[in-house]
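Novice: Once you've had a glance at the structure underneath, I'll fire off some questions.
The values are calculated or read from the model by the stated rules, or taken from the named source; none is laboratory data. Since we're looking at a predicted model, the values are computed, not measured. Here the Cβ positions follow ideal geometry from the backbone for every residue, glycine too, while neighbour counts run over all protein chains shown. Keep in mind that these areas ignore ligands, DNA and RNA; they rest on the heavy atoms of the full protein, side chains included. Shrake-Rupley method; radii C 1.70, N 1.55, O 1.52, S 1.80 Å.
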Amino acid sequence: MGMNKMRVFLVFLCLCAAVSEAEYLKYKDPKQPLNTRIKDLMQRMTLEEKIGQMTQIERKVASPDAMKQECVELVTVNRDPQLIKRIGAATALEVRATGIQYAFSPCIAVCRDPRWGRCYESYSEDHTIVQSMTEIIPGLQGDLPADSKRGIPFVAGKEKVAACAKHFVGDGGTTRGIDQNDTVIDAKELFSIHMPAYYDSISKGVATVLISYSSWNGKKMHANCDLITGFLKDKLKFRGFVISDWEGIDKITSPPHLNYTYSVQAGVLAGIDMIMVPENFLEFINSLTSLVKSNVIPMTRINDAVRRILRVKFVMGLFEDPLADPSKAEHLGSQEHRELARKAVRKSLVLLKNGKGPDSPLLPLPKKAPKILVAGSHADNLGFQCGGWTMEWQGVNGNNHTDGTTILAAIKKTVDPSTQVVFSENPDASFVKGGGFSHAIVVVGEVPYAEMFGDSTNLTIADPGPSTIKSVCGSMKCVVVVVSGRPVVMEPYVKQIDALVAAWLPGSEGQGVADVLFGDYGFSGKLARTWFKSVDQLPTNVGDTTKKSPISDGYCHH
């Protein structure tokens, strides 16, 4: 989502109507049917209150006066299907512990070109894998009751959060992987590759769907009534609410915000229910109010939006329990959750090469060796392990921003006490040759990025990674661990390298990498996307009719 900093929002229920405590209010009675509660509350709401429900703003402009005067709605922001379901449940619990009731997850984009800066947010280039990973939704929201009707949102109580399927639709298929660009494909490809995961998400009761910045064959998704209303709402029977991306309606025009009244009109009439404004909310409120009063936007469209928003809020139990539960704070960063994350790291590692011949494997490494070298820019850097969309929008550099275990620390903890571990981030050849090392572990990769800042035409590892590989692997046996959000160009170095491991973005639990390198657990991860030799081969995806030479036969596809 576009923004100049990490977004963190709060859920704030804004209903300005004053009522007598003695008066029986059906909408406040959890024993009443859901539709009865929605109808009762909507009958009591003014146009201003309804538009307030449709307005999402950034927390820095959420002053008490703004809340009181404008009735603005603030909503929360910011691999094995069963494992990811457990991860979803842990995530929900920790999000709830912060007082937030909504997670902008999962991203069910099908990344068809790794040059896209958001490719690491996508589970795979293969839509069937992405579909299977929608199992995170019942992890976040809870298991859908057996008698639930298709499309009805579901959130199972105080330890669960509303989920968000995004970005609808085709965001992973843009030309050359350029973020927010045009997805130029026919309807058959859109509906067979990019849409299926939405069928699964809706079947699992996902509460919200977020619209993509991208276009489909030249038409901005934020203004695509045929797909948002005609297909998502009417055909798929989705009954949760549809939310825009950050200033998403502004970008309907080029340049953005050229004609804001038109953007509001186009976005709301397309079927977007809640608008992530997120800062100049008075402009949005005034524009939408004027459009309604002049009958450009009918009240039926406003009522549809508010009905959907209230449906999710009632299902979440916000009218009964709107506030944070401080007792849940003990779950934040708990050891149980860290062990789960460590397991996920172990299971996601992919062995791309092991030995320069079939009879000379390097991995697993022996725990007992006289002296080993650990090198590389990513060996001792939690920020690099975590990537973007973490402590900050574009990620961070270093170990001072979050708790966790770096890969270096994990190696030191795993080897025999008698083994000397020497760390040098970028040693020269003379240091390497004269060090008397048994072998080396080189950890290199991409530096953190998010959104368009991650768009890349060359997909290379960050300097001084190449020179580190050359200095170390040219002089001794080495395993190279690649920390990256996507496949990157490794072909120039493969012959020098004895073993090559894709570690993706292991986050805070670097111990999961050492667990597998030293043989406590075997490699079990398989590629969920093609690892190419050269960017000249892109785009290339599983199922392509023309085979393009991968980096290593046997490891090219999942």
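Per-residue answers, yes or no, for (1) open to solvent by less than 10 Å² (accessible area, probe 1.4 Å); (2) in contact with a His (Cβ under 7 Å, 6 or more places away or on another chain); (3) acidic (Asp, Glu):
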{"residue": "235", "(1), (2), (3)": "no, no, no"}
{"residue": "263", "(1), (2), (3)": "yes, no, no"}
{"residue": "269", "(1), (2), (3)": "no, no, no"}
{"residue": "273", "(1), (2), (3)": "yes, no, yes"}
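Novice: What are the residues in segment 170-189 that are at positive phi, out of contact with any strand residue (DSSP E or B) (no Cβ under 8 Å at 6 or more places or on another chain) and surrounded by 15 or more Cβ atoms within 10 Å (Cβ to Cβ), if any? Can you show your working first?
Specialist: Start the filter on segment 170-189 by keeping residues that are at positive phi, which leaves 170, 176-177, 180.
Among the residues that remain, those that are also out of contact with any strand residue (DSSP E or B) (no Cβ under 8 Å at 6 or more places or on another chain) are: 176-177, 180.
177, 180 - these are the residues of segment 170-189 that are at positive phi, out of contact with any strand residue (DSSP E or B) (no Cβ under 8 Å at 6 or more places or on another chain) and surrounded by 15 or more Cβ atoms within 10 Å (Cβ to Cβ).
Novice: Of these, 376, 357, which one is out of contact with any strand residue (DSSP E or B) (no Cβ under 6 Å at 6 or more places or on another chain), open to solvent by less than 50 Å² (accessible area, probe 1.4 Å) and closer than 24 Å to residue 475 by Cβ? Can you show your working first?
Specialist: Working: 376 fails: out of contact with any strand residue (DSSP E or B) (no Cβ under 6 Å at 6 or more places or on another chain).
Unique residue meeting the criteria: 357.
Novice: Within segment 509-532, track down each residue that is farther than 28 Å from residue 402 by Cβ and touching a helix residue (DSSP H, G or I) at 6+ places or on another chain (Cβ under 8 Å).
Specialist: 522
Novice: Are any residues in segment 196-247 aliphatic (A, V, I, L, M) and touching a Ser or Thr at 6+ places or on another chain (Cβ under 6 Å), and if so, which ones? Walk me through it before giving the result.
Specialist: The initial filter retains those residues of segment 196-247 that are aliphatic (A, V, I, L, M), namely 197, 202, 206-207, 209-211, 221, 223, 227-228, 232, 236, 242-243.
Selection gives 197, 211, 221, 243.
Novice: Could you list, in sequence order, all residues of segment 463-492 that are over 30 Å from the mean Cα position of the chain (by Cα) and crowded, with 20+ Cβ neighbours inside 10 Å? Steps first, answer last, please.
Specialist: Within segment 463-492, the subset over 30 Å from the mean Cα position of the chain (by Cα) is 467-478, 492.
Of everything in segment 463-492, those that are over 30 Å from the mean Cα position of the chain (by Cα) and crowded, with 20+ Cβ neighbours inside 10 Å turn out to be 468, 469, 471, 472, 473, 475, 478.
Novice: Do we find a residue being within 27 Å of residue 224 (Cα to Cα), surrounded by 18 or more Cβ atoms within 10 Å (Cβ to Cβ) and charged (D, E, K, R) anywhere in segment 159-167? Outline the logic, then answer.
Specialist: Within segment 159-167, the subset within 27 Å of residue 224 (Cα to Cα) is 162-167.
Next, from what is left, pick out any that are surrounded by 18 or more Cβ atoms within 10 Å (Cβ to Cβ): 162-167.
Pick out the ones that are also charged (D, E, K, R) and you get 166.
Yes: one or more hits.
Novice: Next question. Could you list, in sequence order, all residues of segment 286-302 that are over 15 Å from residue 244 (Cβ atoms) and part of a helix (DSSP H, G or I)?
Specialist: 286, 289, 290, 291, 292, 293, 299, 300, 302 - these are the residues of segment 286-302 that are over 15 Å from residue 244 (Cβ atoms) and part of a helix (DSSP H, G or I).
Novice: Got a sec? Which of 328, 293 is touching a Lys or Arg at 6+ places or on another chain (Cβ under 6 Å) and surrounded by fewer than 20 Cβ atoms within 10 Å (Cβ to Cβ)? Talk me through it step by step, then tell me what you get.
Specialist: Working: 293 fails: touching a Lys or Arg at 6+ places or on another chain (Cβ under 6 Å).
One residue alone meets the criteria, 328.
Novice: Kindly evaluate residue 498 against the criterion of being crowded, with 17+ Cβ neighbours inside 10 Å, among the charged types (D, E, K, R), at pLDDT 95 or above and more than 21 Å from the chain's Cα centre (by Cα). Even if it seems obvious, please write down each step before you answer.
Specialist: Values: crowded, with 17+ Cβ neighbours inside 10 Å: yes; among the charged types (D, E, K, R): yes; at pLDDT 95 or above: yes; more than 21 Å from the chain's Cα centre (by Cα): yes.
Here the answer is yes, as residue 498 does meet what is asked.
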